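Every number here is computed from the coordinates shown, using simple stated rules; none is lab data. Owing to the predicted nature of the structure, the values given are computational and were not obtained by experimental measurement. Here the Cβ is made from the backbone with ideal geometry for all residues, glycine too, and neighbour counts use every protein chain on show.
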Amino acid sequence: MDQGGIDRARAILRGARRVVALTGAGISTPSGIPDFRSAGGLWERDDPMAVASVCGFRADPRRFYAWFQPLLDRILAAQPNPAHVALAAIERAGLLKAVITQNIDGLHQRAGSREVYELHGHLRSVTCLECEHQAPAQPLMSRVCRGEVPRCGCGGLLKPDVVLFDELLPRGLFWLAQRALDSCDTIIVAGTSLEVAPVCEMPLAALHNGARLLIINQSATYLDERADVVLREDVAEALPAIVETLERSNVLTF
């Protein structure tokens, strides 16, 4: 563990008033959910435009659900890890104002985070691509796990409310996330290599307004040279270590 980096992160957070976290797949890999872009990730085996785009979904929904079902199994079995718990603790203490995440697994909320902007969607509901009827996803999970393609009463395809390739991000959530970044004084980037647009560009607004930047990721990002602290550590170890030092310094009180 880079204790010097942990101490620098603590010093920055001690002086912070409005912290925002931006998280990606790397914060959930310790929970057993595979990521997409790193070595051994899902996109090494599958063409994302073929299996995870709206065009691909409409053309061959059975292929999408066959690809998605093993990932769904992993997500449903996953539990929040110490990194999720650490961010929830910082929020509970009143320091962290929002978590902006690219993940669809809901683990931040299950760990106790309350202000979470899921820019790539979630698995709590599905929407019909024809009549736009929205329904809870939970009753359909067993059908998907059996290899069925769920359909609406109108006959249209039901798609999980996750953002696929060639879809726009939810405008309202994107605005809320950007507003949080515009007003923060510190941003924690955790478990993301900042490669997916437009989310990868969002920290630039915070930096433009003078925010401090902490990056916790095992691989390099394009913003490393602009960061105040870069920790090449497992987020499930580094974030709890930072929280522990803040608690010892009486910065976090509950």
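If you run the Gaussian network model on the chain, springs between alpha carbon atoms under 10 Å, then out of Leu87, Leu214, Leu71 the most flexible one is Leu71. Its DSSP H runs of at least 4 residues, each contributing -39,500 (n - 2.57), put the calculated 222 nm mean residue ellipticity of the chain at -11000 deg cm²/dmol, to the nearest 500.
Between the range 85-100 and the range 141-171, how many Å separate their Cα centres? The range 85-100 and the range 141-171 have Cα centres spaced 31 Å from each other. Taking the 0 to 90 degree range and rounding to the nearest ten, how far is the long axis of helix 171-183 tilted relative to the main principal axis of the chain, both from C-alpha atoms? It is inclined by approximately 0 degrees.
Here Phe68, Phe165 are placed in order of increasing Cβ neighbour count within 10 Å, fewest first, which gives Phe165, Phe68.
Computed from point charges on the beta carbon alone (+1 for Lys and Arg, -1 for Asp and Glu), the dipole magnitude for the range 141-241 about its Cα centre is near 540 Debye. Under 5 Å from the amide H of Phe165 lie the amide H atoms of Ser53, Val54, each residue being 5 or more positions distant or on a separate chain, with H modelled from the backbone and absent for Pro and chain starts. Using the Cβ-Cβ distance between Leu168 and His208 with R0 = 25 Å, the FRET efficiency computed as 1/(1 + (r/R0)^6) comes to roughly 0.60. Please give the helix 235-248 orientation as an angle from the longest Cα principal axis of the chain, in degrees from 0 to 90, rounded to the nearest 10. Taking Cα atoms only, the helix is inclined about 40 degrees. Within the chain, the proportion of C-alpha pairs whose separation exceeds 32 Å stands at 23%.
How do 11-18, 100-107 rank on mean C-beta neighbours within 10 Å, highest first? Write out the running numbers ahead of the final one.
Details: 11-18: 16.0, 100-107: 24.8.
By packing density, highest mean first, the sequence is 100-107, 11-18.
Among Leu223, Val235, His208, which residue has its Cα positioned farthest towards the positive end of the charge dipole of the range 201-242, with +1 placed on the Cβ of Lys and Arg, -1 on the Cβ of Asp and Glu, and the dipole taken about the Cα centre? Positive-most Cα among the choices belongs to His208. Mean-square fluctuations from a GNM of the chain, with a 10 angstrom spring cutoff on Cα atoms, peak among Cys154, Cys184, Cys55 at Cys154. A Cβ-based charge dipole, computed about the Cα centre of the chain with Lys and Arg at +1 and Asp and Glu at -1, lands at about 600 debye.
Across the range 201-213, coupling constants 3J(HN,Hα) worked out from phi with the 6.51/-1.76/1.60 Karplus curve, θ = phi - 60°, read 8, 5, x, 4, 5, 5, 5, 4, 8, x, 5, 7, 10 Hz, and Gly and Pro carry x. Length gained on full extension, Ala135 to Glu195: 18.4 nm, using 0.36 nm per residue less the C-alpha separation.
For the residues Asp35, Asp60, Asp234, a GNM of the chain with alpha-carbon springs under 10 Å puts the largest fluctuation on Asp60. If you line up the long axis of helix 61-77 against the longest principal axis of the chain, both from Cα atoms, how many degrees apart are they, to the nearest 10? The angle comes out at about 40 degrees.
Grab the alpha carbons of the range 46-186, take their convex hull, and tell me the volume per residue in Å³.
Details: hull volume 17.5 nm³, N = 141.
Output value, Cα hull per residue: 124 Å³.
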